[in-house]
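A quick write-up on the structure given underneath.
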Amino acid sequence: MQKKIIIATDFVAYKVLGRSVRAVYFKDITKSREHCLAERGAPFVLDIYTSDSKKPALRMNVKPFKPTDIKWLISLPELKSH
């Protein structure tokens, strides 16, 4: 299944081939959290939360992407990564 992360000037989106795009505006993000297995720094899921969500507003499977691309993504200040 092909996956795509879209970074625009005001939002982040996640597209899985054959499904609709899910997006969250940067202004609505309160925090994001990466989930790693045994290897620290190699996340397999990135959850993005908004102020009105107890569950992630956007959950991205980041395992298929290059580690350098994921490190860059997580370092974006707009994602408020913890």
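No lab work stands behind these numbers, since they all come straight from the coordinates. All figures in this text were calculated on a predicted structure; none of them were measured in a lab. Cβ sites come from the backbone with ideal geometry, for glycine too, and all protein chains shown count toward neighbours.
The protection proxy used here, the mean number of other Cβ atoms lying within 10 Å of each residue, ranks peptides 62-68, 51-57 as follows, highest first: 62-68, 51-57.
Here each label is just a point 7 Å from Cα along the line to Cβ, and for Arg19 and Thr68 those points are 2.9 nm apart. The dipole here belongs to the chain: it is taken about the Cα centre, uses +1 on the Cβ of Lys and Arg and -1 on the Cβ of Asp and Glu, and is about 240 debye. Our estimate of slack between His35 and Asp52, defined as 0.36 nm per intervening residue step minus the Cα-Cα distance, is 4.0 nm.
Near Val45, the amide H atoms lying under 5 Å from its own belong to His35, Val62; only residues 5 or more places off or on other chains count, and H is placed 1.01 Å from N.
Could you work out how much longer the chain between Lys3 and Leu76 gets when fully extended? Use 0.36 nm per residue separation minus the Cα distance between them, nm to one decimal.
Here the answer is 24.3 nm.
Equivalent ellipsoid of the stretch 3-79: semi-axes from √(5λ) of the C-alpha gyration tensor, largest first, are 18, 15, 12 Å.
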